[in-house]
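**Student:** One structure coming up, written as structure tokens, with questions to follow.
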Amino acid sequence: MQAKRVTFPNKVLPYLLLAPQLAVTAVFFLWPAGEALLGALYAEDAFGLSRQFVGLENFAALARDPAYLEAVGVTFLFSGAVAGLSLALGLLLALAAEKAGRLAGLYRTLLIWPYAVAPAVAAILFWFMFDPNVGVAARALRGLGVTWNHFLDGRQALLLVVLAAAWKQVSYNLLFFYAGLRAIPRPLIEAAALDGAGPVRRFTAIVFPLLAPTTVFLVVVNVTYAFFDTFGIIHATTGGGPGRATTTLVYKVFKDGFEGLDLGSSSAQSVVLLAIVAALTVLQFRHIERKVQY
Amino acid sequence: MARRDGMVERDGALTLAAHGVLILGVAVMVLPVYLAFVASTHPGADFLGGRIGVLPGPDGPANYAALVGLGAPPPGVPPIGPMLWNSFVMALGIAVGKIAISLLSAFAVSYFRFPFRVTAFWLIFITLMLPVEVRILPTYKVVADLALLNTPGGLILPLIASATATFLFRQVFMTIPDEMTEAARMDGAGPMRFFWHILLPLSRTNIAALFVILFIYGWNQYLWPLMVTTEASHATIVTSIQRLAATANQEAPVWHLVMGTAILALLPPVAVILAMQRLFVDGLTETEK
């Protein structure tokens with residue numbers, strides 16, 4: 001990490017400048033993370049009266065816990081569906097916007113605002129649409145012979161949170177895919193057209209491969225979003241249920257720690273999540289480095 | 001000639017299909033919000049009979065007046081005004097706080113050479129890997145120990161460390177010519193003077209773009225305010241909505257007010273994004289890439 005060639009000679013000032021950021025980092029990030037790491041090695045009773053060193057037992061218990069393994073499955077299914085759905089729709093809309101000519105800007109305006117809607121609010125909107133008693137969508141489904149009740153049916157509950165999460169994320173993917181499409185050199189497309197390649201062939205042979213860096217970046221961002229930013233969606237609608245049908249890893253940390261007061265297990269779960277974020281961050285930065293060389 | 005079409009064939013059917021896809025996309029995006037708006041204009045009793053369709057009702061003004069505290073206070077629904085204010089304070093505090101401390105730290109690591117410079121940079125980098133979702137309980141304990149529960153400080157401080165913003169400002173500073181620093185030093189300007197009068201004005205577009213993104217990020221926080229605001233008077237609008245909806249589901253027929261609240265909760269950040277679209281789009285692609 002480089003500094004400027006010309007710098008100021010002050011010896012104390014830079015520490016003062018860094019102090020606020022480092023203080024916040026130490027007090028609210030590093031210290032709690034350290035606590036989580038340490039707490040994962042102890043078993044504590046619910047009242048916090050006694051604490052016993054158990055080594056990696058909390059982790060071993062997680063690996064044996066069917067509820068935890070189920071949460072792993074739910075998280076992967078949920079993240080895969082959210083990322084897949086919002087990436088596909090984002091790409092489709094970006095391709096269409098590229099063809100829309102002068103109206104592209106207008107469409108973009110009409111499509112980007114869901115980014116600003118809070119996940120929890122998006123979730124409530126979808127709950128209302130699909131509410132078994134008053135929802136318009138639920139009523140329409142009933143007309144088609146489908147009984148919709150996400151309070152009772154686990155698969156429908158999962159579908160509901162996937163739809164709400166994806167709805168909010170499409171605009172983000174659209175923006176990045178659109179930027180990616182605009183960056184593809186025009187002569188490349190023109191040459192292919194002259195050679196007689198139709199729109200579909202041009203997409204599969206040229207456009208999609210050239211979008212690969214954008215796609216990889218977006219997959220990482222979308223998976224991170226689905227893992228960590230969708231807590232509000234689940235908490236506001238299904239509460240992890242029915243049963244454990246929508247309990248993701250992040251939701252489970254909250255439930256076991258804050259409601260169940262099982263600190264050892266909650267800390268161990270936090271540490272697992274920490275490893276996942278670290279991996280995702282590294283992936284994201286790898287990608288940025290590679291982009292620089294293009 | 002069409003702006004970007006060049007030699008590629010202009011396929012009418014393809015263009016038509018593109019417009020069709022886009023219009024459908026816009027419809028899908030708007031539909032949930034439109035239905036919420038429709039619901040917020042009906043009297044509460046309409047929901048019991050399942051009579052709410054796709055057209056607005058007559059009670060919009062009355063419902064919104066009730067929500068913001070004019071007219072009869074609806075039962076079971078807390079006043080919206082204070083919640084909007086709490087959300088605003090939190091969003092503003094997070095945005096300004098992140099930008100301020102990140103500008104200072106980016107200035108420090110770019111314009112000074114000192115021992116542990118790289119260490120400091122890595123410590124800031126680590127915060128990227130510690131989203132609040134992963135350190136919920138211990139962070140809550142720290143905030144409780146500092147007696148910051150139910151305070152704006154407790155809501156804001158644990159969220160304002162920012163590696164992304166620090167990186168962004170460092171990048172901006174690295175593009176500023178060294179001649180400017182040399183000239184400032186020759187004129188006898190100290191580092192803080194240089195920071196205020198040269199660096200800040202040169203970074204103002206980036207600051208504005210980041211502000212838009214961070215304001216939305218702050219406004220939409222959920223998990224953290226849920227934990228830190230145990231008293232209703234400190235609750236933010238986004239976290240209150242879940243309690244309201246639970247009420248609508250189990251007890252009173254207040255869906256019209258829940259949806260009114262949802263509209264009021266999403267309006268400020270959506271307005272910000274639409275008003276500052278260009279800044280937002282450029283800012284997003286720059287911060288994240």
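**Student:** Using a simple spin-label model with points 7 Å from Cα along the Cα→Cβ vector, what separation in nm is obtained for B:Ile198 and A:Ala179?
**Tutor:** Distance between the two pseudo-spin positions: 2.9 nm.
**Student:** Connecting C-alpha atoms closer than 10 Å in a GNM of chain B, tell me which of B:Gly93, B:Gly188, B:Gly218 has the biggest fluctuation.
**Tutor:** Of the options given, B:Gly188 has the highest mean-square fluctuation.
**Student:** A follow-up question, please. Given N residues in the range B:81-228, what is Rg(Cα) / (2.2 N^0.38 Å)?
**Tutor:** 1.18
**Student:** Moving on. Which FRET efficiency value, to the nearest 0.05, is calculated for B:Phe88 and B:Ile176 with the Förster distance at 35 angstrom and r the Cβ-Cβ distance?
**Tutor:** Working: r = 33 Å, r/R0 = 0.95.
It comes to 0.60.
**Student:** If you don't mind, there's one more thing I want to ask. Sum -39500 (n - 2.57) across every DSSP H segment of at least 4 residues in chain B, then divide by the residue count to get the 222 nm mean residue ellipticity, nearest 500. Intermediate results must be reported in sequence, preceding the final value.
**Tutor:** On the way: 14 runs with 187 residues, N = 289.
My calculation for chain B gives -20500 deg cm²/dmol from helical runs alone.
**Student:** Rounded, prolate or oblate, given the Cα gyration tensor of the range A:57-293, with a/c below 1.5 counting as rounded?
**Tutor:** Working: a/c = 2.59, a/b = 1.47, b/c = 1.76.
Verdict is oblate for the range A:57-293.
**Student:** Using only the Cα atoms of chain B, what are the Rg and Dmax in Å?
**Tutor:** Rg then Dmax for chain B, in Å: 24.3, 78.
**Student:** Quote to one decimal, in nm, the extra length available between A:Phe203 and A:Ala23 on full extension: 0.36 nm per residue of separation minus the C-alpha distance between them. Walk me through the numbers on the way to the answer.
**Tutor:** Details: separation 180, 0.36 × 180 = 64.80 nm, distance 4.99 nm.
Using 0.36 nm per residue and subtracting the Cα-Cα distance, I get 59.8 nm.
**Student:** While we're here: Which helices of chain B meet both criteria: a Cα extent of 18 Å or more along the helical axis and a mean Kyte-Doolittle score no lower than 0.5, with helices taken as whole DSSP H segments? Don't skip to the answer; put the middle values down first.
**Tutor:** On the way: long enough: B:12-39 (39 Å, 2.14); B:80-111 (46 Å, 1.52); B:204-219 (22 Å, 1.45); B:237-250 (20 Å, 0.37); B:255-275 (29 Å, 1.97).
The answer, listed by residue number, is B:12-39, B:80-111, B:204-219, B:255-275.
**Student:** Starting from the Cα of B:Val28, step 7 Å along the direction of its Cβ; do the same at B:Thr205; then give the gap between the two resulting points in nm.
**Tutor:** Reported label-point gap for B:Val28 and B:Thr205 is 3.4 nm.
**Student:** What net charge do the residues around B:Pro177 carry, taking every other residue with its C-beta under 12 Å from that of B:Pro177, with Lys and Arg at +1 and Asp and Glu at -1? Walk me through the numbers on the way to the answer.
**Tutor:** Values: positive: A:Lys4, A:Arg5; negative: B:Asp178, B:Glu179, B:Glu182.
Spelling it out: positives minus negatives among the neighbours equals -1.
**Student:** Moving on. Can you tell me the dipole magnitude for chain B around its Cα centre, using point charges on the Cβ only (Lys, Arg +1; Asp, Glu -1), in Debye to the nearest 20? Walk me through the numbers before you get to the answer.
**Tutor:** Details: 16 positive and 16 negative charges, 90 e Å.
Rounded to the nearest 20 debye, it is 440 debye.
**Student:** Give the order of A:Asp65, B:Asp145 when sorted by the count of other beta carbons within 10 angstrom, beginning with the fewest. Intermediate results must be reported in sequence, preceding the final value.
**Tutor:** Values: A:Asp65 14, B:Asp145 9.
Going from sparsest to densest Cβ surroundings: B:Asp145, A:Asp65.
**Student:** Among B:Thr175, A:Thr246, rank each residue by its count of other Cβ atoms within 10 Å, from fewest to most, as a rough exposure measure. Before the final figure, lay out each step's value.
**Tutor:** Details: B:Thr175 7, A:Thr246 28.
Neighbour counts put them in this order, fewest first: B:Thr175, A:Thr246.
**Student:** Excluding A:Ala67 itself, what net charge comes from residues whose Cβ is under 15 Å from its Cβ, given Lys and Arg +1 and Asp and Glu -1? Kindly include the intermediate steps, with their values, before the conclusion.
**Tutor:** Working: positive: A:Arg64, A:Arg244, A:Lys252, A:Lys255; negative: A:Asp65, A:Glu70, A:Asp256, A:Glu259, A:Asp262.
Summing Lys and Arg as +1 and Asp and Glu as -1 gives -1.
**Student:** Let me ask something else about it. Calculate the length of the line joining the C-alpha centroid of the range B:235-271 to that of the range A:202-225, in whole Å.
**Tutor:** 36 Å
**Student:** Can you figure out the FRET efficiency of A:Leu56 with A:Phe151, using R₀ = 35 Å and their beta-carbon distance, to the nearest 0.05? Don't jump to the answer; show the numbers that get you there.
**Tutor:** Working: r = 38 Å, r/R0 = 1.09.
Once rounded, the FRET efficiency stands at 0.35.
**Student:** While we're on this one: Around A:Ala122, with a cut-off of 12 angstrom between Cβ atoms, what is the net charge of the other residues, counting Lys and Arg +1 and Asp and Glu -1?
**Tutor:** Values: positive: A:Lys168; negative: A:Asp229.
Around A:Ala122, the surrounding residues sum to 0.
**Student:** With a 10 Å cut-off between alpha carbons and a GNM built on chain B, which of B:Glu179, B:Glu231, B:Glu133 moves the most?
**Tutor:** Ranking B:Glu179, B:Glu231, B:Glu133 by mean-square fluctuation puts B:Glu179 first.
**Student:** Quick check on the exposure proxy: order B:Thr239, B:Thr229 from fewest to most C-beta atoms within 10 angstrom.
**Tutor:** Details: B:Thr239 27, B:Thr229 23.
Going from least to most buried by this count: B:Thr229, B:Thr239.
**Student:** At what distance in nm do the modelled label points of A:Val216 and B:Thr151 sit from each other, each positioned 7 Å from its Cα along Cα→Cβ?
**Tutor:** So the label points at A:Val216 and B:Thr151 sit 4.7 nm apart.
**Student:** Sticking with this structure for a sec: Can you count the Lys pairs in chain A whose Cα atoms are under 27 Å apart, with each pair 8 or more apart or on different chains? Intermediate values should be presented prior to the final figure.
**Tutor:** Details: A:Lys4/A:Lys291; A:Lys99/A:Lys168; A:Lys99/A:Lys291; A:Lys168/A:Lys252; A:Lys168/A:Lys255; A:Lys168/A:Lys291.
Close lysine pairs found across chain A: 6.
Since every read-out is calculated from the coordinates, none of them should be taken as a lab result. Values in this document were obtained by computation on a predicted structure and should not be read as measured data. Glycine gets a Cβ as well: all are built from the backbone with ideal geometry, and neighbour counts include every protein chain shown.
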